[in-house]
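Contents: one structure, followed by commentary.
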Amino acid sequence: MANLIDIQREARQLDARERAQLALDLLRSLDGEPSEEVDQAWQVVARERLAAYDEGALPAEPAAEVHREARSRLR
């Protein structure tokens, strides 16, 4: 069996798209199997938030402002 260093070396030889797919697959593997119940619960939350936004009860912020705030919190 290949060791981690060998696997990393081989992974770096993949093109960008393949590396991105590998990274996504590895991250997803940490979460375990997707849960239909959790997915449905998030869909309910998303619909409720969209309805609140459409009704004017939920304000929106420009993406650039949200990204700037997130970056400042990460520093």
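The values are calculated or read from the model by the stated rules, or taken from the named source; none is laboratory data. The structure presented is a predicted model; accordingly, all values stated were derived computationally and were not measured. FYI the Cβ positions are ideal-geometry reconstructions off the backbone, even for glycines, and counts take in every protein chain you see. What goes into the accessible areas is simple: the full protein's heavy atoms, side chains included, and nothing from ligands, DNA or RNA. Shrake-Rupley method; radii C 1.70, N 1.55, O 1.52, S 1.80 Å.
Can you give the extra length, in nm with one decimal, that the chain gains between A20 and E55 once fully stretched, where that is 0.36 nm per residue apart less the Cα-Cα distance?
8.8 nm
If you take every residue apart from E10 with its C-beta less than 14 Å away from the C-beta of E10, what net charge results, scoring Lys and Arg +1 and Asp and Glu -1? All intermediate terms of the calculation are to be shown ahead of the outcome.
Values: positive: R9, R12, R19; negative: D6, D15, E18.
Spelling it out: positives minus negatives among the neighbours equals 0.
Which one, R49, R12, R28, has the greatest fluctuation when you compute a Gaussian network model over the chain with C-alpha springs under 10 angstrom?
Of R49, R12, R28, the Gaussian network model singles out R12 as fluctuating most.
Say we join alpha carbon atoms closer than 10 Å with springs in a Gaussian network model of the chain; which of D39, D15, D54 then has the biggest fluctuation?
It is D15.
How many percent of the accessible area of the chain is carbon or sulfur, using a 1.4 Å probe?
In the chain, the share of accessible area belonging to carbon and sulfur is 55 percent.
Using the Kirkwood radius over Cα pairs, work out the Stokes-Einstein diffusion coefficient for the chain at 20 °C and 1.002 mPa s, in µm²/s as a whole number.
128 µm²/s
Before rounding to the nearest 500, sum -39500 (n - 2.57) across all DSSP H runs of length at least 4 in the chain and divide by the residue total; then give [θ] at 222 nm in deg cm²/dmol.
My calculation for the chain gives -24000 deg cm²/dmol from helical runs alone.
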